[in-house]
Amino acid sequence: MKGARPPTAAAPAIVRLGAVESTQAVAFELAERGAADRTVVLADHQTAGRGRRGRAWNDEPGTGLLVSIVLRPRLALPRLPLLSYATAIAVAEALDGVAGLRPTLKWPNDVLVGDRKIAGILLESRISAVAATVVVGIGVNLTQRRFPAELEGRATSVALETGRTVEREQVLAALLSAFDLWRARLEADGFAPVRERWLALSGTIGRRVSVDGGAGLAVDVDLEGALLLQDGAGLRRVLSGPIEG
Ligand code: BTN
């Protein structure tokens with residue numbers, strides 16, 4: 001990426017790359033050099049793709065949508081985690097619109113078809129005294145017909161679910177348009193409409209779950225974006241936020 005010109009506010013853009021270590025790293029690098037809000041980094045392949053909880057996100061070249069979006073968020077810091085709900089909704093709606101899938105959302109932001117994960121979302125932030133940058137990373141499984149043994153039975157792709165391939169660009173366009181809409185709704189109208197849509201798509205509420213920070217019956221998401229878990233000790237609030245990128 002050395003020498004590439006970062007997109008500016010006048011021209012937010014999609015930066016298309018071949019193989020990179022991680023689109024997240026490229027996005028932060030561009031952000032540091034002044035890239036505009038909503039700059040998108042797209043790659044064909046990642047050699048060190050990052051997942052949540054320090055896990056890797058591995059891909060065979062050309063099989064997935066690997067994208068990161070630079071955000072200069074217009075939200076107070078405690079509300080940044082809410083962006084993950086907006087993003088998960090956008091991914092689910094894009095897969096519905098382009099491939100006719102009916103994904104469900106697993107708290108905080110996995111996208112599933114049946115019990116198998118089709119997309120993952122990683123929010124990373126860098127907060128300084130003057131500015132906050134969030135990079136929203138999204139990986140969608142598109143054309144994989146098989147997965148490595150450790151993911152077998154737990155992961156799926158658009159090709160496996162529909163028997164056909166969809167154009168990566170089509171998924172990207174649908175995703176960005178849904179993301180813009182839900183992000184704008186969150187920033188303009190607050191979390192209530194986002195929460196309502198997330199709950200309608202959720203496969204988590206009403207189930208016993210085990211998440212970072214607790215296990216129990218998932219009963220609701222509150223207006224601050226915390227998952228409400230009922231366990232033997234009562235009702236517990238579990239929060240999930242961007243990690244430092
Ligand atoms: C997860 O479910 O663990 C989150 C996976 C996020 C993967 C995407 S792929 C594009 C972007 N670049 C990365 O290195 N990670 C995210």
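Any residue in segment 155-167 that is acidic (Asp, Glu) and part of a strand (DSSP E or B)?
Residues of segment 155-167 acidic (Asp, Glu): 161, 167.
Among the residues that remain, those that are also part of a strand (DSSP E or B) are: none.
No, segment 155-167 contains no residue that is acidic (Asp, Glu) and part of a strand (DSSP E or B).
Need the failing condition index for residue 124 against (1) within 15 Å of the ligand (Cβ to nearest atom); (2) among the charged types (D, E, K, R); (3) under 22 Å from residue 202 (Cβ atoms), just the number.
(3)
If a residue counts only when it is touching a Ser or Thr at 6+ places or on another chain (Cβ under 9 Å), which strands (runs of 3 or more DSSP E) contained entirely in segment 185-241 have at least 2 such residues? Even if it seems obvious, please write down each step before you answer.
Working: elements: 208-211, 214-221, 227-231, 234-238.
Of the strands (runs of 3 or more DSSP E) lying wholly inside segment 185-241, those with at least 2 residues that are touching a Ser or Thr at 6+ places or on another chain (Cβ under 9 Å) span 214-221.
Checking residue 78 against (1) open to solvent by 20 Å² or more (accessible area, probe 1.4 Å); (2) in a helix (DSSP H, G or I); (3) within 13 Å of the ligand (Cβ to nearest atom), only one condition comes out false. Which one?
(3)
Could you check, for segment 105-120, whether at least one of its residues is polar (S, T, N, Q) and either over 12 Å from the mean Cα position of the chain (by Cα) or not in a loop (DSSP other than H, G, I, E, B) (or both)? Reasoning before the result, please.
If we filter segment 105-120 for residues that are polar (S, T, N, Q), which is where we start, we get 109.
Subsequent filtering for residues that are either over 12 Å from the mean Cα position of the chain (by Cα) or not in a loop (DSSP other than H, G, I, E, B) (or both) retains none.
No, that holds for no residue.
If I ask for residues that are charged (D, E, K, R) and either surrounded by fewer than 12 Cβ atoms within 10 Å (Cβ to Cβ) or near the ligand (Cβ under 7 Å from one of its atoms) (or both), which ones from segment 44-64 would you list?
Hits for segment 44-64 are 50, 52, 53, 55.
Which pairs do you get when a residue that is closer than 22 Å to residue 96 by Cβ, found in segment 148-168, comes within reach of a residue that is aromatic (Phe, Trp, Tyr), reach meaning Cβ atoms under 6 angstrom, with the pair 6+ apart or on two chains?
Filtered contacts from segment 148-168: 155/147.
If you go through segment 82-103 one residue at a time, do you hit one that is at pLDDT below 95, assigned by TED's automatic domain parsing to the domain that holds residue 164 and either part of a strand (DSSP E or B) or more than 15 Å from the chain's Cα centre (by Cα) (or both)?
Scanning segment 82-103, I find no residue that is at pLDDT below 95, assigned by TED's automatic domain parsing to the domain that holds residue 164 and either part of a strand (DSSP E or B) or more than 15 Å from the chain's Cα centre (by Cα) (or both), so the answer is no.
The values are calculated or read from the model by the stated rules, or taken from the named source; none is laboratory data. Only a predicted model underlies this, so the values are computations on that prediction, with no experimental measurement involved. Because the Cβ atoms are built from the backbone with ideal geometry, glycine has one as well, and the counts that use them run over all protein chains shown. SASA here: full protein model, heavy atoms, side chains in, ligands and nucleic acids out. Shrake-Rupley method; radii C 1.70, N 1.55, O 1.52, S 1.80 Å.
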